[in-house]
1. Do you know which residues across the range 35-50 are out of contact with any strand residue (DSSP E or B) (no Cβ under 6 Å at 6 or more places or on another chain) and under 18 Å from Phe82 (Cβ atoms)?
2. Considering only residues that are small (Gly, Ala, Ser) and under 17 Å from the mean Cα position of the chain (by Cα), look in the range 197-247 and name the one that is surrounded by the most Cβ atoms within 10 Å (Cβ to Cβ).
3. For the range 160-181, which residues satisfy the criterion of being touching a helix residue (DSSP H, G or I) at 6+ places or on another chain (Cβ under 8 Å) and either β-branched (Val, Ile, Thr) or under 20 Å from Asn216 (Cβ atoms) (or both)?
4. If you scan the range 401-432, which residues turn out to be surrounded by fewer than 20 Cβ atoms within 10 Å (Cβ to Cβ) and either of a type in the set (S, T, N, Q) or more than 41 Å from the chain's Cα centre (by Cα) (or both)?
5. Looking only at the range 515-548, count how many residues are closer than 20 Å to Ile364 by Cα and either more than 42 Å from the chain's Cα centre (by Cα) or not in a strand (DSSP E or B) (or both).
6. Can you pull out every residue in the range 161-196 that is under 21 Å from Gly293 (Cα atoms), in contact with a strand residue (DSSP E or B) (Cβ under 9 Å, 6 or more places away or on another chain) and of a type in the set (Val, Ile, Thr)?
7. Going through the range 26-46 one residue at a time, which ones are in a loop (DSSP other than H, G, I, E, B) and under 15 Å from Leu129 (Cβ atoms)?
8. Could you say which residue among Ala389, Ala366, Ala406 is assigned by TED's automatic domain parsing to the domain that holds Gln565 and at pLDDT below 95?
Amino acid sequence: MTEVTQSRSMEATVLVCDDDPTYLMLMEETLSSDDLRVVTATDGAQALQLFLKHKPSIVLLDVHMPKLSGFEVCKEIRHYPFGKDVPILMVTGADDIKSIEAAYEHGATDFLPKPIRWPMVVHRVRYMLKGSETFQSLRASEKKMRQLAYFDGLTGLPNRQNFDDTLNLSITDAEIHGQNLCIMYIDLDNFKRINDTLGHDFGDKLLKHIAHRIGNCLNNDKSLEDALKTTHVEVSRLGGDEFMVQLSDVNSDEAMHQIANALVACVSEMISIDEYEVALTPSIGIAVFPRDGMSVTELKKNADIAMYHAKSKGRSCYHFYSESLNQGAMKSLRIEGCLRNALQNNEFEIHYQPQVCLKTKKFISAEALLRWNSPELGPVGPSDFIPVAESAGLINDIGEWVTREACRQAKRWSDEGLENFRVSVNLSSLQFQRATLVSMIKRACEDANLSPKLLEVELTESAVMADVEHNVKRLNQIRDMGVSISIDDFGTGYSSLSYLKKFPINTLKIDRSFVINIAQDPDDAAIVEAIIALAKTLNLEIIAEGVETLGQLKTLNDFSCDIIQGFYFSKAIPADDLSQLMKKALDPSLFELG
């Protein structure tokens with residue numbers, strides 16, 4: 001074996017294998033004179049060793065050699081990952097047609113006929129190298145284009161197109177083998193707010209972290225070994241904060257539940273990036289082949305429906321698709337279509353439900369409740385159209401209209417002589433997150449010439465608990481204007497006493513679910529009594545909503561509840577009707593609590 005090395009600037013290595021020493025010497029001199037690095041071998045076995053060691057740019061093989069023939073060496077080289085595209089020139093007689101055909105069959109790129117025309121050898125090798133470089137460049141470009149077309153540039157995960165293609169193949173395979181498969185559509189709750197607050201660079205780091213965490217959960221979580229025993233897992237990023245998990249041949253629904261629970265838990269863990277600690281939660285929608293769809297489009301659509309249902313149920317959870325969800329989605333689409341023009345078509349109306357002070361036995365305030373009578377759909381309940389307004393991005397405009405109308409009505413009642421009569425409006429969590437909320441409330445009061453002390457805003461526990469430190473600042477801004485703040489549906493969320501003390505609130509509203517059986521259920525009675533005692537300790541006003549019977553009223557009176565709201569005194573009614581109602585004194589028999 002001889003290795004002829006010229007200089008570091010040599011651009012290519014040529015492996016030459018022949019059992020004729022004279023031929024090898026002439027080939028070395030010819031090629032090395034053109035700044036090519038030459039490595040020589042005298043038999044096929046040695047040629048393979050040198051190929052693995054030097055990874056040459058081109059190989060010249062004589063057909064007839066001891067130990068291993070040139071054909072066998074050529075075939076073996078093609079088995080190596082880095083040998084698939086290396087140009088191989090087989091050296092054989094020009095009239096040896098059988099050897100030439102065999103050379104091509106064993107993977108040769110071309111052949112070099114004997115006797116050798118030495119002046120042409122360098123040109124032939126250079127030509128082959130140039131072709132190889134062009135081919136490699138095209139392969140690299142193709143690989144890069146494929147990477148861009150089929151993989152996410154941020155996380156390296158398969159992208160939407162890749163997911164669709166893979167799922168299509170998996171569906172065909174599952175159909176052939178009678179297997180099921182499922183997809184889990186993962187959407188990150190509140191990612192946009194974090195991205196907008198901390199910047200897109202931080203958001204990108206967060207997405208990469210979540211991608212790694214999802215993959216690590218599915219590949220390394222020991223508790224999922226049985227659930228994933230027969231399952232092939234694919235994780236993709238569809239774009240934005242949306243990920244998709246594909247599980248082929250998953251064992252059972254129980255296994256799907258186990259996997260979904262693990263994903264919720266792993267994504268929800270606190271994440272430390274730079275100097276920040278953030279908490280994200282996922283909403284996951286699950287669709288299963290074949291029961292939930294037979295095509296990529298159908299499965300994705302149904303997983304998306306299930307995901308939005310999970311989000312509407314409080315987030316940080318998962319939900320399986322069902323036909324009833326699809327019917328609900330179709331209903332939501334109809335509602336959304338009509339809702340988009342409802343505001344400009346004056347289809348909304350505000351009804352007011354009065355609130356009664358137990359001590360004075362007088363109306364002292366009212367809650368503004370939105371009503372929608374669609375020309376096409378008829379009356380649509382708030383529980384149906386408010387979630388649609390939120391998901392469609394309409395809630396801020398609708399909410400501002402409600403606030404402005406409520407302020408104008410509160411001003412009318414004030415001008416009519418109703419002193420200190422306060423009107424409360426509900427703010428959704430999306431409205432509360434909006435940066436312009438405080439200025440919107442201020443303008444609504446100013447435009448109506450209303451004293452801010454006659455306006456109250458109601459928020460749910462979950463809305464204020466989403467980001468405590470940030471929300472305390474926002475609540476203080478609202479409170480500093482003179483506007484009162486009420487926590488609605490208290491007792492159904494997850495406020496703790498320590499957090500409750502932080503919030504600059506005025507009022508707690510006891511949820512109707514605790515009030516409805518208060519006269520019969522000792523547990524509900526104990527909860528309500530504890531909430532009232534807590535409110536008194538914190539010097540907060542307390543309102544019980546959903547009061548419908550004298551028995552409920554008596555129990556609340558015994559617990560020293562401040563204010564009552566419910567059908568017992570009045571349902572929500574138009575402003576003019578409430579004005580007429582408030583001109584009369586309340587019937588004393590309503591307060592016979594003895």
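1. Across the range 35-50, the qualifying residues are Leu48, Gln49.
2. Ser236
3. The answer is Ile171, and nothing else.
4. Lys411, Arg412, Ser414, Asp415, Glu416, Gly417, Leu418, Glu419, Asn420, Phe421, Ser428, Ser429
5. Qualifying residue count for the region: 8.
6. Listed by number, the residues that qualify are Thr166, Ile171, Ile183, Ile186.
7. Asp34, Asp35, Leu36
8. Result: Ala389 is the single residue among Ala389, Ala366, Ala406 that is assigned by TED's automatic domain parsing to the domain that holds Gln565 and at pLDDT below 95.
The values are calculated or read from the model by the stated rules, or taken from the named source; none is laboratory data. Because the structure is predicted, anything quoted here is derived from the model rather than measured. So basically every Cβ, Gly included, is an ideal-geometry build from the backbone, and we count neighbours across all protein chains shown.
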